[in-house]
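Single-structure report; data block below.
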Amino acid sequence: MNKKKIMGALLLTLGMTGDALAESGFYGGASIGQSTIDACGGVTNCDDTDTSWKIFGGWELNSNIVFEAAWVDFGEVSGSVDGSAVSAEADGWTIAAKGILPLNEQFGVFGKLGVIMWDIKGGGAAAGINDDGTDLMYGLGAHYMFTDQLGIVGEWEWYDIDNDNDIDLFSIGAMYKF
């Protein structure tokens, strides 16, 4: 499915102006972390961890339910097959629902469930190999708000990529409520 159509549909679904988003609990942010890509079957000298980052935005329906979209870059897995260097880069768009349990005014924990529309591109001896799809993702995390608008979020997310490969992502980031 075309990524532009998906994001267009998401924005159309929100159907709000900047002022309406501010009144309705819109937020945005960015995170950085480490991903582990379970894709080393048959690959020697496999390096399956890399720095990962994401940009996210969401809409708080209320203090317990949030809808969030993100673009995440998982980095690269590399190694060799029969003496030839191979690599693959993975990224994708996510859409998820988050259930939040506020523990006090500043601190809350959450769980999320959604889908990832992923894309994998091969490099080295795997150049020309491209794959994409849509699969399940879920995660757990916590956030702490320093002010009514500025906070920090830490989370673990799991992505089911193509039924054979899983990606774990541990990240920490900043979020801003408009």
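Each value in this text was obtained by applying a stated rule to the coordinates, not by laboratory testing. This is a predicted model, so every value here is computed, not measured. Methodologically, a virtual Cβ is constructed for each residue, glycine included, from the backbone with ideal geometry; neighbour enumeration extends over all protein chains shown.
Need the list of aspartates and glutamates near residue 54 for cross-linking: C-alpha distance under 14 angstrom, and skip anything on the same chain fewer than eight residues off. Here the aspartates and glutamates satisfying the reach criterion relative to residue 54 are 68, 73, 91, 155, 157, 168.
Diagonalising the gyration tensor over the Cα atoms of the stretch 29-177 and scaling each eigenvalue by 5 before taking the square root yields semi-axes of 33, 14, 12 Å, largest first. Summarising the amide proton neighbourhood of residue 125: residues at separation of 5 or more, or on other chains, whose placed amide H is nearer than 5 Å comprise 85, 86, 87. The P(r) of the stretch 69-145 has a tail past 15 Å containing 66 percent of all C-alpha pairs. Just to confirm a number: summing +1 for Lys and Arg and -1 for Asp and Glu over residues other than residue 171 whose beta-carbon lies under 15 angstrom from that of residue 171, what do you get? Charge balance near residue 171 sits at -4.
Place a +1 charge on the Cβ of each Lys and Arg in the stretch 121-178 and a -1 charge on the Cβ of each Asp and Glu, then give the dipole magnitude about the Cα centre in debye, rounded to the nearest 20.
With Lys and Arg at +1 and Asp and Glu at -1, about 400 debye.
Ranking 63, 117, 86 by how far each Cα lies toward the positive end of the dipole of the stretch 55-178 (charges on Cβ) leaves 63 at the top. Annotation: extensible slack from residue 55 through residue 136 equals 27.3 nm (criterion: 0.36 nm per residue apart, minus Cα-Cα distance).
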